[in-house]
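What follows is one structure encoded as structure tokens, with my remarks underneath.
The values are calculated or read from the model by the stated rules, or taken from the named source; none is laboratory data. In this text the structure is predicted, and so the values were computed from the model without any measurement. Here Cβ is always computed from backbone atoms with ideal geometry, including for glycine, and neighbour counts include all displayed protein chains.
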Amino acid sequence: MDDLAGFLRTWRSRVDPAALGIPTDSRRRVEGLRREEVAHLSGVSVDYYVRLEQGRAKQPSEQVLDALARVLGLDATERGHLYRLARQRRRPAKAPGGRVRPELLRVLGLVPDAPALITDHRLDVLAGNRLAGLLFGRPIPGLNTARHIFLEEAERGLYAEWEQCTVDVVGHLRLAVGKFPDDPRLASLIGELAMGSERFRRLWARADVRARTHGRKAYRHPLVGLLELHHENFALPNESGMELVVMSAAPDSPSEDALRLLAGLGSDSPHTHPLVEVIDTDELRR
């Protein structure tokens, strides 16, 4: 799904030579840097760098990776992804199983006033509280937010900033591929998204990576209107790839009022009586 050679080729093509002091003219036909330019700036031989891009070189040293990251202008997340790709053949990571401990479900139940979810690296929602079900307007079991954003056309209007959401999702999945390159379900999901969405294909070709830690996301809910929520993503210890995601509204804001209204409107919904809904992970594996 992703490899070091492809990552280097893609990012080399995105570097502006002028930003590194390399003169350009109308005769230059290469988009981004030439291979020999990357090699020179990184302090490695041209032959060795060519073999890296062809997937024929042994795993590069940390010094080489540091130099490549510097030349390609990678940030901390992209640099970490580069290192993982370089180590893939040596230490492939086993994909986590996806079981949610009962204690984590109790934590979800303790968050009644904000939508809260437990997701995995594939963006499967493994569990969610009542308000999360009301936010998405559907039962939590079976929800994958990548499919929801890219493939379910009727649901696109929920995301007030849909284009930015798609960028974030693709960046997250790229990062997941670097961590779990041998996960068949992740590979299947990416293939499904690529077959069903031209925008996904375009974004995937850019090789961007994104780490989801916190940030703002706006929803346009059909019942209560605009919800501007702050996401906090907590990586769960000893639960590789899982995160607890809590979405809160600013105090005394219109979004806080809208969340209260949404909770009240959903009190009689047949899908949201349980305090916590859990996906059947065994069913997912079949």
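Can you confirm whether residue 30 is modelled with pLDDT under 80 and on the phi < 0 side of the Ramachandran plot? Judged against the criteria, residue 30 is a match.
So, residue 238, is that one among the polar types (S, T, N, Q) and in a strand (DSSP E or B) or not?
Details: among the polar types (S, T, N, Q): yes; in a strand (DSSP E or B): no.
Spelling it out, it is not the case that residue 238 is among the polar types (S, T, N, Q) and in a strand (DSSP E or B).
Assess whether residue 79 counts as being on the phi < 0 side of the Ramachandran plot, under 27 Å from the mean Cα position of the chain (by Cα) and crowded, with 16+ Cβ neighbours inside 10 Å.
Spelling it out, residue 79 is indeed on the phi < 0 side of the Ramachandran plot, under 27 Å from the mean Cα position of the chain (by Cα) and crowded, with 16+ Cβ neighbours inside 10 Å.
Checked against the criterion of being modelled with pLDDT of 95 or more and over 30 Å from residue 69 (Cα atoms), the candidates 229, 223 yield just one match: 229.
No other residue among 133, 128 is at pLDDT below 95 and touching a Pro at 6+ places or on another chain (Cβ under 7 Å) apart from 133.
Residue by residue through the stretch 187-198, note down the ones that are touching a residue at least 24 places away in the same chain (Cβ under 8 Å) and touching a helix residue (DSSP H, G or I) at 6+ places or on another chain (Cβ under 6 Å). I'd like the intermediate steps shown before the answer.
Looking only at the stretch 187-198, we keep the residues that are touching a residue at least 24 places away in the same chain (Cβ under 8 Å), and these are 187, 189-190, 192-193, 196-197.
Those that are touching a residue at least 24 places away in the same chain (Cβ under 8 Å) and touching a helix residue (DSSP H, G or I) at 6+ places or on another chain (Cβ under 6 Å): 193, 197.
Annotation note: Cβ proximity below 7 Å between a residue of the stretch 243-261 that is free of Cβ contacts under 8 Å to residues at least 24 places away in the same chain and a residue that is part of a helix (DSSP H, G or I) and surrounded by 14 or more Cβ atoms within 10 Å (Cβ to Cβ) (sequence gap 6+ or interchain) occurs for 250/256.
Scan the stretch 211-229 and give yes if some residue there is in contact (Cβ under 8 Å) with a residue 60 or more places away in the chain, surrounded by 13 or more Cβ atoms within 10 Å (Cβ to Cβ), under 17 Å from residue 120 (Cα atoms) and not aromatic (Phe, Trp, Tyr), otherwise no. Checked the stretch 211-229: at least one residue is in contact (Cβ under 8 Å) with a residue 60 or more places away in the chain, surrounded by 13 or more Cβ atoms within 10 Å (Cβ to Cβ), under 17 Å from residue 120 (Cα atoms) and not aromatic (Phe, Trp, Tyr).
In the stretch 164-183, how many are within 21 Å of residue 84 (Cβ to Cβ) and free of Cβ contacts under 8 Å to residues at least 60 places away in the same chain? Explain how you work it out, then say what you get.
Taking the stretch 164-183 as the starting set, the residues that turn out to be within 21 Å of residue 84 (Cβ to Cβ) are 167-183.
Still in the list and also free of Cβ contacts under 8 Å to residues at least 60 places away in the same chain: 167-173.
Of the residues in the stretch 164-183, 7 are within 21 Å of residue 84 (Cβ to Cβ) and free of Cβ contacts under 8 Å to residues at least 60 places away in the same chain.
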